[in-house]
Amino acid sequence: MTLAQVAASADAAANVVVARDAFAQAERVHADLLVLPEYASAFDAQGVGAEHAQPLDGPYVTALRERAAATGVAVLAGVTVPGDETDARATNVVVAVDGTGALVGAYRKVHLYDAFGSRESDRLRPGPADAPPLVLDVAGVRFGVLTCYDLRFPESARRVVDAGAEVLVVPAAWADGALKAMHWRTLATARAIENTAAVVAVGMAGKGVVGRSLVVGPDGVVALEMDDAPAIRTVDLDPAELRGVRERNPSLANRRYAVVPAEVPEQA
């Protein structure tokens, strides 16, 4: 799979070019899956909102589908989708496109980043906490999706694993700041160990974000780690190795608690 740590901007047309280049590089190395960060369709470090939104049949997702169909490379990418007459706020979405170009899923971010002095919920509305998890089968591996701030909530990762995920994919635009890069790495590693699942955390590069994409094995070993500059890297995931860790460490089978959505007020 190919990790595209790109630096998206507010220029939607330029971001399509960036995505096409990432597809070209993924195709060149025969990757089965390309992962782009959160807000790959349009990004502003001061905040992403309705002015950056496109519908799922708009130019960015259409370009993803065209390139996936042309290259045979599936893709997970963060986009922003417009609101409606009931709520003008946009929605933060990760789309899943398979290698035929079909849009096979869309995860609407549940945990909005209302922390560390930010209020994402002023501009975005959360996805439903009880929506089915997004899990995508690619090349014999099951990939489950979280988004950015979701990484801080272990129950979100566990719910995706309960849906069959062997790899947790986390597109993100992880905000920079004191200890934030350390939190990013530590949380990704923790989610891997506690779920005996690989974690593929793909960060946005550029102003105001940490970048630092990484791949963590289900045993907690960091197999790939980038710095804060734009870069594209490819890794191989061995399904037998992923499953072997769960055989040696059956903590999922040994647990005694289940995860269910909480009845809490929507972020508003």
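In table form, for the structure just shown:
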read-out	value
Over region 63-159: Kirkwood hydrodynamic radius from C-alpha pairwise inverse distances, Å	14.5
Accessible-area order (highest first, 1.4 angstrom probe) of the listed residues 23, 116	116, 23
Most to least accessible of 104, 169 (protein chains only, probe 1.4 Å)	104, 169
Solvent exposure, largest accessible area first (probe 1.4 Å, DNA, RNA and ligands not counted), of 194, 166, 27, 51	51, 27, 194, 166
For the chain, accessible area per residue (1.4 Å probe, heavy atoms of protein chains only), Å²	43
Among 149, 257, 113, residue whose mean-square fluctuation peaks in a GNM of the chain (springs only between Cα atoms under 10 Å)	257
FRET efficiency for residue 46 and residue 264, using Cβ-Cβ distance with R0 set to 35 Å, rounded to 0.05	0.80
Surface share of carbon and sulfur [accessible, 1.4 angstrom probe, percent] for the chain	52
Range of Cα positions in region 1-131 per principal axis (Å), largest first	41, 28, 23
Fully extended contour minus Cα-Cα distance, from residue 219 to residue 100, at 0.36 nm per residue	39.6 nm
Inter-label distance, nm, simple model (7 Å from Cα along the C-beta direction), residue 17/residue 257	5.0
J(HN,Hα) series, region 69-85, from Karplus relation 6.51 cos²θ - 1.76 cosθ + 1.60, nearest Hz, glycine and proline x	5, 6, 9, x, 9, 6, 8, 10, 8, x, 9, 10, 10, x, x, 9, 5
log₁₀ of I(q)/I(0) at q = 0.13 Å⁻¹ - region 142-268, Debye sum with one point per alpha carbon	-0.53
Difference of contour (0.36 nm per residue) and Cα-Cα distance, residue 118 to residue 248	42.7 nm
Förster radius 25 Å - calculated FRET efficiency between residue 30 and residue 186, Cβ distance, rounded to 0.05	0.15
Mean residue ellipticity (222 nm) of the chain, computed from DSSP H runs ≥ 4 via -39,500 (n - 2.57), nearest 500	-8000 deg cm²/dmol
Cα-only radius of gyration and Dmax that characterise the chain, units Å	17.1, 52
Gaussian network model of the chain, Cα within-10 Å springs - most flexible of 152, 125, 28	28
Rounded FRET efficiency, nearest 0.05, which uses the C-beta distance separating residue 69 from residue 238 and R0 of 22 Å	0.20
Quotient of Cα Rg and 2.2 N^0.38 Å for region 48-117, N being how many residues it contains	1.21
Where labels lie 7 Å past Cα in the beta-carbon direction, separation of residue 88 and residue 194 in nm	3.9
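The values are calculated or read from the model by the stated rules, or taken from the named source; none is laboratory data. Quick caveat, the model's predicted, so the values are computed rather than measured. Cβ coordinates were reconstructed from backbone atoms using ideal geometry, including for glycine residues, and neighbour counts include every protein chain displayed. The accessibility values were calculated without ligands, DNA or RNA, using every heavy atom of the protein model including side chains. Shrake-Rupley method; radii C 1.70, N 1.55, O 1.52, S 1.80 Å.
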